[in-house]
Amino acid sequence: MEKLTGLKKIKTAVFISGTGSNLKNIIKFSKIKKSPISIDLIVSNTNQAKGLIFADQFKIKKKIFNFRNTEKKILLLLKKEKIKFICLAGFMKILSKEFIKKFDGKIINIHPSLLPKYKGLNTHNSAIKNKDKFAGCTVHYVTATLDSGKIILQKRIKITARDNSTSLATKVLKQEHKLYPAAIMKIFN
Ligand code: GRF
């Protein structure tokens, strides 16, 4: 990944579908001086995403696309806004091969499991059901194969006897908020 030159931050879009706690956390991180990125656009596939509130709160441009035959429009918007990097954060749609190719090596995602274990949904349920000793989260590059791109950073979290999928999700999410900024720093430094 290109090194940071001067003080210019890399224009970044965050794609969300839900609560947006990672989005909020990335926005806060982007505002600190050492952050290599600025958040200039928030894209959601639904107007129901609670995280859209952070667009208003932090005065960041937002756009809602239903992601059915709209990728060309999204690409045009990204170009117009000079977006060079994309963070997926709780984004529930699968991007097409063509879209990913246009941003090759420039899209990253956070996934609530120790990839390659538990790709896809219901990761915490699976970890509890399988009596795993550890759960975790992973930040990885996005490729055409779901949750399979090169791993940037991973954090392991102990599962205790008292954990259920809800408590585990809370514990993992807390670590996600540390891991995502750390992964972004790792990429650009
Ligand atoms: C996170 O656990 C993320 O790893 C997963 O969806 C959840 C999104 O949470 N992909 P939030 O919307 O960032 O609060």
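A few notes on this one:
- 16 Å reach of a label modelled at Phe188, 7 Å along Cα-to-Cβ, counting backbone N of region 71-96: 82-88
- Distant alpha-carbon pairs in the chain (separation over 26 angstrom), percent: 29 percent
- 222 nm mean residue ellipticity, helices alone, for the chain (DSSP H n ≥ 4; -39,500 (n - 2.57); rounded to 500): -9500 deg cm²/dmol
- J(HN,Hα) series, region 153-168, from Karplus relation 6.51 cos²θ - 1.76 cosθ + 1.60, nearest Hz, glycine and proline x: 8, 9, 10, 9, 10, 6, 9, 9, 4, 7, 5, 10, 5, 6, 5, 5
- Least to most buried among Cys87, Cys137 (fewest other Cβ within 10 Å first): Cys87, Cys137
- Exceeding the 29 Å Cα-Cα cut-off - candidates Lys31/Lys93; Lys101/Lys174; Lys84/Lys155; Lys9/Lys73; Lys63/Lys158: Lys101/Lys174; Lys63/Lys158
- Couplings 3J(HN,Hα) for region 36-49, derived from phi with the Karplus relation 6.51 cos²θ - 1.76 cosθ + 1.60 (θ = phi - 60°), are x, 10, 10, 9, 10, 7, 10, 10, 10, 8, 8, 7, 8, 5 Hz, where x marks Gly and Pro.
- Lys131/Lys102 FRET efficiency (R0 35 Å; Cβ-Cβ; nearest 0.05): 0.25
- When each of His111, His124 is scored by the number of other beta-carbon atoms lying within 10 Å, the sequence from fewest to most is His111, His124.
- A simple spin-label model places pseudo-atoms 7 Å from Cα toward Cβ; at Gln154 and Lys178 they are separated by 1.8 nm.
- The magnitude of the dipole of the chain, with charges of +1 and -1 set on the Cβ of Lys/Arg and Asp/Glu and taken from the Cα centre, is near 420 debye.
A short reminder: the numbers here are calculations on the coordinates, not readings from a lab. The model shown is predicted, which means the values in this text are computed figures rather than measured ones. Every residue, glycine among them, receives a Cβ derived from its backbone with ideal geometry; neighbour counts consider all protein chains shown.
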